[in-house]
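*Asks:* To start, I am sharing the structure in question, which I have written as structure tokens.
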Amino acid sequence: MSQFAENVSKRLFSLDVFRGLTMFLLVAEAAGFHHNFSELAEGTLFSGLAHQLHHHPWNGLRFWDLIQPFFMFIVGVAMPFSLRKRLSRGSRSEVTNHILRRCFLLFWFGVLLHCVYSHALVWELWNVLVQLAFTILIAYAIMNLSNNTQIGISVGLLVLTEILYRAYNPEAPYAQGHDSFGSYIDMLVMGKINDDYWVFVNFIPTAAHTIWGVVCGRMLLSQTSASEKLKSFLIWGTVILALGFAMDLLHITPIVKRIATSSFTLASGGIAILVLALFYWTIDVKNNHKNWLKVFSVVGTNSIFIYLFAETVGAQWFRGFGKIWTEGLLAPLGISEQVIMVINALFVLFIFWYITYFLDKHKIYFKV
């Protein structure tokens, strides 16, 4: 095995940066940046950029629609690395117990987050952590199979999604509204429907993101040369991306993030693979382990912790705490309230980042 391959098998810095950047963007939303920047940018040249920081209302694809697919895909990429490490220290049954425990905790963390959002005890299963709990279980259950078999199963999940939605509402399976298979299941499971059209069964098609991540992770761990890995990522990422957009443009299945249509899953999954290829090539293959990249990588070292922290006490405490200083210092200078709120969001984001930096520096990692 080459020295490069040995290094990859131990740690993939590009994956750390990819995960960290994704989590950085997630906690930036919790810090209030997206909302406050959108208010400041309204009616300006930056309004289009601000729209990219929010989910598309229905048929279409914005940058922010890619964050959850990135998160689920990255988890999949990391699974072969984690599995290899854990099997070197324990048995398969111990690893399985760990996965089951992790998914159980992720599920209930996701449920509890909705209680925090609602300031009441609620039974809502739309959070990304709930979705991730199911996609990890599905990906782990089949990750010992060949890559081709795993890909075949992921395609089967997309076909199943198409069948379920079209069978439930043949006339308008993907029309905006609540008359869809996803909403039907929500009423059965939760007795309620999400006002913004998110549905619980999104984990069925988006399990493909985690499965494709596992396949990519296995390729990165393989003895194949870096050029061959990149070639596979570029080809398959482009094909999947093109197929997703073709389904939308040909009016076969619209790209809709909120109900995770098969075309959305394909398009976003293709982009995720291409972004992984970009990070892998620029950082690991070119050996550009720049110190400034650690600004993002440290956020990924405690990804679940900082997400939970930012979405709960972080958002509730630090936004108000930050405003004491930003408003107190900047308002007397005549700076507008909108600008102050953007600066406050950046200040809160810095606090979130520094927490992850401090934890990483002291080798403190919260494992789920």
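The values are calculated or read from the model by the stated rules, or taken from the named source; none is laboratory data. Note that the structure is predicted; figures quoted are calculated from it, not measured. Cβ placement follows ideal geometry from the backbone for every residue including glycine, while neighbour counts extend to all protein chains displayed. Ligands, DNA and RNA are stripped out before the accessible areas are found, and what is left, the full protein with its side chains, is counted by its heavy atoms. Shrake-Rupley method; radii C 1.70, N 1.55, O 1.52, S 1.80 Å.
*Asks:* Starting from the Cα of GLU171, step 7 Å along the direction of its Cβ; do the same at VAL313; then give the gap between the two resulting points in nm.
*Replies:* With each label placed 7 Å out from Cα toward Cβ, I get 5.3 nm.
*Asks:* Treat region 232-300 as a sphere of radius equal to its Kirkwood radius over Cα pairs and apply Stokes-Einstein at 25 °C in a medium of 0.890 mPa s; give the translational diffusion coefficient in µm²/s, rounded to a whole number.
*Replies:* Numbers: Rh = 13.4 Å.
D = 183 µm²/s.
*Asks:* Now for a separate question. How big is region 323-368 by Rg and Dmax over its Cα atoms, in Å?
*Replies:* Here Rg and the maximum Cα pair distance are 14.9, 46 Å.
*Asks:* A further question follows. Estimate the FRET efficiency between LEU333 and HIS362 by the formula 1/(1 + (r/R0)^6), using the beta-carbon distance for r and 30 Å for R0, to the nearest 0.05.
*Replies:* On the way: r = 37 Å, r/R0 = 1.23.
Taking R0 as 30 Å, the efficiency between LEU333 and HIS362 is 0.20.
*Asks:* If you don't mind, there's one more thing I want to ask. Work out the FRET efficiency for CYS115 and ILE235 from their Cβ-Cβ distance, taking R0 = 45 Å, and round it to the nearest 0.05.
*Replies:* On the way: r = 44 Å, r/R0 = 0.99.
It comes out at approximately 0.50.
*Asks:* Which length gain, in nm to one decimal place, applies between PHE104 and LEU87 when the Cα-Cα distance is subtracted from 0.36 nm times their residue separation?
*Replies:* Using 0.36 nm per residue and subtracting the Cα-Cα distance, I get 4.0 nm.
*Asks:* Over region 131-235, with the other protein chains present, what is the accessible area per residue in square angstrom, probe 1.4 angstrom? Working shown, then result.
*Replies:* Details: 4550 Å² over 105 residues.
Dividing the accessible area of region 131-235 by its residue count gives 43 Å².
*Asks:* Further question: Most fluctuating residue of LEU105, LEU249, LEU26 in a GNM of the chain with Cα springs under 10 Å: which is it?
*Replies:* LEU249
*Asks:* So, with +1 on the Cβ of K and R and -1 on the Cβ of D and E, and no other charges, what is the size of the charge dipole of the chain about its Cα centre, to the nearest 20 debye? Walk me through the numbers on the way to the answer.
*Replies:* On the way: 26 positive and 21 negative charges, 347 e Å.
The dipole of the chain has a size of about 1660 debye.
*Asks:* If I take R0 = 30 Å and measure r between the Cβ atoms of VAL295 and THR149 in this structure, what FRET efficiency does the formula 1/(1 + (r/R0)^6) give, to the nearest 0.05?
*Replies:* Details: r = 39 Å, r/R0 = 1.30.
Taking R0 as 30 Å, the efficiency between VAL295 and THR149 is 0.15.
*Asks:* Beyond 21 Å, what percent of the Cα pairs of region 132-205 remain? Can you show the working numbers first?
*Replies:* On the way: 946 of 2701 pairs.
The calculated P(r) of region 132-205 puts 35 percent of pairs beyond 21 Å.
*Asks:* For the chain, what is the relative contact order in percent, using Cα pairs closer than 8 Å and at least 6 residues apart in sequence? Kindly include the intermediate steps, with their values, before the conclusion.
*Replies:* Details: 496 pairs, mean separation 103.0, N = 368.
After rounding, I find 28 percent.
*Asks:* Carbon and sulfur atoms: what percent of the 1.4 Å accessible area of the chain do they account for? List each step's numbers first, then the result.
*Replies:* Details: 11290 of 17330 Å².
Carbon and sulfur atoms account for 65 percent of the accessible area of the chain.
*Asks:* What is the packing order of peptides 272-280, 106-114, 185-193, taking the mean over residues of other C-beta atoms within 10 Å and listing the highest first? Before the final figure, lay out the partial values.
*Replies:* Numbers: 272-280: 22.3, 106-114: 18.7, 185-193: 13.8.
Ranking, from highest mean packing down: 272-280, 106-114, 185-193.
*Asks:* Still on this model: Kirkwood-based Rg over Rh for the chain (C-alpha set), two decimals? Working shown, then result.
*Replies:* Values: Rg = 21.0 Å, Rh = 21.7 Å.
Computed over Cα atoms, the ratio is 0.97.
*Asks:* Going Cα to Cα from LYS367, which lysines come in below 19 Å? Please leave out same-chain ones fewer than 8 positions away.
*Replies:* Reachable lysines: LYS10, LYS85.
*Asks:* Cα to Cα, under 18 Å, and not fewer than 8 places away if on the same chain: which aspartates and glutamates meet these conditions relative to LYS290?
*Replies:* Correct list for LYS290: ASP16, ASP360.
*Asks:* Over the residues of region 181-304, compute the C-alpha Rg and express it relative to 2.2 N^0.38 Å.
*Replies:* On the way: Rg = 17.8 Å, N = 124, 2.2 N^0.38 = 13.7 Å.
The reported ratio for this selection is 1.29.
*Asks:* Bins of 10 Å, beginning at zero and ending with the bin holding the largest distance: percent of Cα pairs per bin for region 290-346, please.
*Replies:* So the P(r) values, bin by bin, are 22, 34, 31, 14.
*Asks:* Okay, next question. Determine which residues of region 270-288 fall in the zone a paramagnetic label at SER227 would reach in this model, i.e. backbone nitrogen under 15 Å from the point 7 Å along Cα→Cβ.
*Replies:* 285-286
*Asks:* Say the dipole of the chain comes from +1 at the beta carbon of Lys and Arg and -1 at that of Asp and Glu; which of LEU132, LEU278, MET219 then lies farthest toward its positive end?
*Replies:* Final value for the positive-end residue is MET219.
*Asks:* Continuing with the same structure: Using a simple charge model, +1 on the beta-carbon of Lys and Arg, -1 on the beta-carbon of Asp and Glu, nothing else, what dipole does region 238-368 show about its Cα centre, in debye to the nearest 20? All intermediate terms of the calculation are to be shown ahead of the outcome.
*Replies:* Numbers: 10 positive and 6 negative charges, 70 e Å.
The dipole magnitude comes to about 340 debye.
*Asks:* Just to compare against my own numbers: the Cα pair-distance distribution for region 1-139, 10 Å bins, whole % per bin, please.
*Replies:* Cα pair-distance distribution for region 1-139, in percent: 10, 28, 33, 19, 8, 1.
*Asks:* How big is the dipole moment of region 215-309 about its Cα centre under a simple scheme where the beta carbon of each Lys and Arg is +1, that of each Asp and Glu is -1, and everything else is neutral? Debye, nearest 20, please.
*Replies:* 180 debye
*Asks:* In addition: Averaging over all projection directions, find the projected area of the Cα convex hull of region 172-238 and quote it in nm² with one decimal place.
*Replies:* Numbers: hull surface 25.3 nm².
Reported value for the Cα convex hull: 6.3 nm².
*Asks:* Next up: Cross-link partners among lysines for LYS192, C-alpha distance below 29 Å, same-chain residues fewer than 8 apart left out?
*Replies:* Leaving aside lysines fewer than 8 places away in the same chain, those within reach of LYS192 are LYS257.
*Asks:* What shape does region 16-82 have by the C-alpha gyration tensor, where a ≥ b ≥ c are the square roots of the eigenvalues, rounded means a/c under 1.5, and otherwise prolate means a/b greater than b/c and oblate the rest?
*Replies:* Numbers: a/c = 3.37, a/b = 1.98, b/c = 1.70.
Prolate is the answer for region 16-82, as a/c is 1.5 or above and a/b outweighs b/c.
*Asks:* In nm, to one decimal, how far is the modelled label at GLU42 from the one at LYS286, with both set 7 Å along Cα→Cβ?
*Replies:* A separation of 4.0 nm, rounded to one decimal place.
*Asks:* State, to one decimal in nm, how far the label point of ILE252 lies from the label point of LYS192, with both points 7 Å from Cα in the Cβ direction.
*Replies:* Here the answer is 3.7 nm between the modelled labels.
*Asks:* Picking from PRO205, PRO57, PRO80, which is most flexible by a Gaussian network model of the chain using Cα springs under 10 Å?
*Replies:* PRO57
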